[in-house]
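> Quick one: this structure, given as structure tokens, is what I'll be asking you about.
Taken together, the values in this text are just the output of simple stated rules run on the coordinates, not laboratory data. Here the structure is a predicted model, which means the values were calculated and not measured. Using ideal geometry, Cβ is built from the backbone for each residue, glycine included, and neighbour counts are taken over all protein chains shown.
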Amino acid sequence: MERIELRRHAPRDPVADRLSAAGRALAEDVGRTQRDVTYDAVYVSPAQRAAETAAWFLRGAGAQLPEHAVVPGLGGQDVTGGSPEGMAAGIRALFDQIPAGGRALAISHTPLVERAAFGLTGREVDAMRECEGLLITHHEDGRIEVEELRLAAPR
């Protein structure tokens, strides 16, 4: 059984492709909730804000950067333009790169995270807020299970 934690990037700076101060803080805070999780790989879209989200997330988790790669499909840059089917195929391909029993962190964007859920399960999910996402489990029998990772409502 392998898992991919597919999350939307943290809040971005309004004038550049980077995280805002609030985005860095949120990614680090969410990472702290994952201190008991080991990541065998990290995948990010080509956007700088995705790479920064992964870095701050891992910092919060107290984890070192494992094997990693920029994956254009996580930014919708595939032949399907990030269609649900394209996103599902991209996620399935990532499972082939994760060691048996391993877990990966992948940082993408909305609506691509939601499209991946639909492409994998045929079920629509509500729009993801920053740093929310999906825990996608690939079982040994080939089944795919998708669990939503939602943050507590802002106060």
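> What is the packing order of peptides 66-74, 11-19, taking the mean over residues of other C-beta atoms within 10 Å and listing the highest first?
Those peptides, ordered most packed to least, come out 66-74, 11-19.
> In terms of modelled amide H atoms, which long-range or inter-chain residues lie less than 5 Å from the amide H of Ser20?
Arg12, Asp13
> Using 0.36 nm per residue of separation minus the Cα-Cα distance, give me the extension gain between Glu140 and Arg18 in nm, one decimal.
Working it through step by step, the gained length comes to 40.1 nm.
> Right, next: Applying the Karplus parametrisation 6.51 cos²θ - 1.76 cosθ + 1.60 with θ = phi - 60° to the phi angles of segment 124-137, what ³J(HN,Hα) value in whole Hz is obtained for each residue in order, glycine and proline being reported as x?
Couplings: 7, 10, 5, 3, 8, 7, 3, 6, 7, x, 9, 9, 9, 10 Hz.
> Could you derive backbone 3J(HN,Hα) for segment 55-68 from the dihedral phi with the Karplus parameters 6.51, -1.76 and 1.60 (θ = phi - 60°), listing whole Hz in sequence and x where the residue is Gly or Pro?
Taking θ as phi minus 60°, the curve returns 4, 6, 4, 5, 4, x, 6, x, 10, 7, 6, x, 3, 8 Hz for segment 55-68.
> So what are the ³J(HN,Hα) numbers for segment 117-123, from phi and the Karplus equation (6.51, -1.76, 1.60; θ = phi - 60°), rounded to whole Hz, Gly and Pro as x?
With the stated coefficients, segment 117-123 comes to 4, 5, x, 7, 10, x, 10 Hz.
> Using modelled amide H (1.01 Å from N, peptide plane; none on Pro or chain starts), what sits under 5 Å from the amide H of Cys131, excluding residues fewer than 5 places away?
Correct list: Arg8, His9, Ala10.
> Using only alpha carbon pairs under 8 Å that are at least six residues apart, calculate the relative contact order of the chain and give it in whole percent.
31 percent
> What three numbers, in Å, describe the spread of the alpha carbons of the chain along their principal axes, ordered from the longest?
Principal extents (Cα only, largest first): 42, 31, 30 Å.
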